[in-house]
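The structure appears below as structure tokens.
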Amino acid sequence: MEREHVDTRIPAVEISHLTKIYHSDDEGNKTALSDISLTVQPGDIYGIIGLSGAGKSTLVRCINGLEGYDSGSVKVRGREVKGLAPRDLRALRQETGMIFQHFNLMPSRTVAGNVGLPLRSRSDRRSRVPRLLDLVGLEDLADRYPSELSGGQQQRVAIARALANSPDILLSDEATSALDPTTTKSILQLLRDLHDRLGITIVLITHEMSVVRQICNKIAVIDHGTIVERGRVFDVFANPQASLTRSFVSTTSNLDKVNDLIQQDSPLVRLEPGQMLLRMSYVTKEVSEALVSRISRIYDLDVNIIFGDIDVVEGAPLGGLVVRLSGRADQIAGALDYLRERHIGIEVLKS
């Protein structure tokens, strides 16, 4: 869909020292957000992840002006949200699409009617709605009602409606949480395709690290209203610093299952003399060698892969392997040095 030129020199969203407090006579004051700072550049798919009640949804509502804030700054396209005149606030929301967990469709309107809701004129609806439905793969369902659609189809309708005014920023608040894993994957792929095709910036709120891993390029982890970690997705997954981040990352990988196998003394991880159980992890993007076969040949080792979990994130392999090495001690030591020199994270689990 057509959109005015976006000045890439200006951050899409710039948040500085944001604090939001809910005031209640009955329960006292509750700090929802404390000293939040982050910058979303044009073209980012920026994931904001945290547990329920961490402040994620409050943050996204501050971005589109649905919530006020007590101190700090929220700028969208270089304009401070707080204090915007009602007309300017409406314009901000028109230029910033929003999709929700529960779709928020009007049951009495058809698919086409829901998508056309943000459009004022009949001519706009006539010309734009078919293109929007084609964009999300629902061109044959214009006359259906929400009750006749699957959850994934309803979310596609909601995405088409959010794109009606050709926004350059799309806010996604737990948009896949009500969907099954297969449908979630298809919706995330749709968002990726829209990002690539339209150049749209996406701020994605979620509590699932697998969602961030699949499509985001940057991430901020929020815990009790405070950002505890942020960075590029590959870097955060490869080397998480905060305990909450490590917990999130562990949910996306089966490599930690080896700890349970060791505790259970599983035959899979039992060792004989001259063997070592090793976890190998990618910690940088600069890895392209066939490392397992190389250490096997160079150091005359038997390398048995117990299990692995490797994905491609930001165009580079991420994850690792659990392997059992068999050989002389000096051969194994040489192999470990070889791997470390090639930026492979090494953890000796058992020897």
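The values are calculated or read from the model by the stated rules, or taken from the named source; none is laboratory data. It should be emphasised that the depicted structure is a prediction, and the values quoted were computed from it without experimental measurement. Because the Cβ atoms are built from the backbone with ideal geometry, glycine has one as well, and the counts that use them run over all protein chains shown.
Figures for the structure shown
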{"read-out": "Identity of the residue in segment 55-82, out of contact with any Ser or Thr (no Cβ under 9 Å at 6 or more places or on another chain) and among the aliphatic types (A, V, I, L, M), that ends up nearest to Thr201 (Cα to Cα)", "value": "Leu59"}
{"read-out": "Single condition Ser296 does not satisfy, out of (1) surrounded by 15 or more Cβ atoms within 10 Å (Cβ to Cβ); (2) within 34 Å of the chain's Cα centre (by Cα)", "value": "(2)"}
{"read-out": "Positions within segment 96-138 being in contact with a strand residue (DSSP E or B) (Cβ under 7 Å, 6 or more places away or on another chain) and either modelled with pLDDT under 90 or of a type in the set (Gly, Ala, Ser) (or both), in sequence order", "value": "Gly97, Phe100, Gln101"}
{"read-out": "Members of segment 230-270 found to be charged (D, E, K, R) and farther than 20 Å from Gly308 by Cβ, listed by number", "value": "Arg230, Arg232, Asp235, Asp265"}
{"read-out": "Filtered residues of segment 274-299 (kept if part of a loop (DSSP other than H, G, I, E, B), under 18 Å from Gly334 (Cα atoms), at pLDDT below 90 and not hydrophobic (A, V, I, L, M, F, W, C))", "value": "Gly274, Glu289"}
{"read-out": "Number of positions in segment 270-289 that are without any contact (Cβ under 8 Å) to a residue 60 or more places away in the chain and closer than 30 Å to Val233 by Cβ", "value": "6"}
{"read-out": "Yes/no for Leu204 being outside the structural domain of Pro317 (by TED's automatic domain parsing) and touching a Cys at 6+ places or on another chain (Cβ under 9 Å)", "value": "yes"}
{"read-out": "Residues of segment 31-67 classified as in contact (Cβ under 8 Å) with a residue 40 or more places away in the chain and over 28 Å from Phe248 (Cβ atoms), total", "value": "0"}
{"read-out": "Answer from Val233, Val212 - the residue that is in contact (Cβ under 8 Å) with a residue 60 or more places away in the chain, surrounded by 21 or more Cβ atoms within 10 Å (Cβ to Cβ), touching an Asp or Glu at 6+ places or on another chain (Cβ under 8 Å) and farther than 30 Å from Gly113 by Cβ", "value": "Val233"}
{"read-out": "Qualifying residue in segment 53-65 (condition: of a type outside the set (D, E, K, R), assigned by TED's automatic domain parsing to the domain that holds Val236 and touching a helix residue (DSSP H, G or I) at 6+ places or on another chain (Cβ under 7 Å))", "value": "yes"}
{"read-out": "Test: residue in segment 32-44 that is under 21 Å from Phe237 (Cα atoms), of a type in the set (Val, Ile, Thr) and surrounded by fewer than 22 Cβ atoms within 10 Å (Cβ to Cβ)", "value": "yes"}
{"read-out": "Residue under evaluation Ser52, criteria (1) closer than 26 Å to Val228 by Cβ; (2) in contact with a strand residue (DSSP E or B) (Cβ under 9 Å, 6 or more places away or on another chain), criterion not met", "value": "(2)"}
{"read-out": "Positions within segment 35-90 being farther than 24 Å from Leu198 by Cβ, polar (S, T, N, Q) and more than 16 Å from the chain's Cα centre (by Cα), in sequence order", "value": "Ser37, Thr58, Ser71, Ser73"}
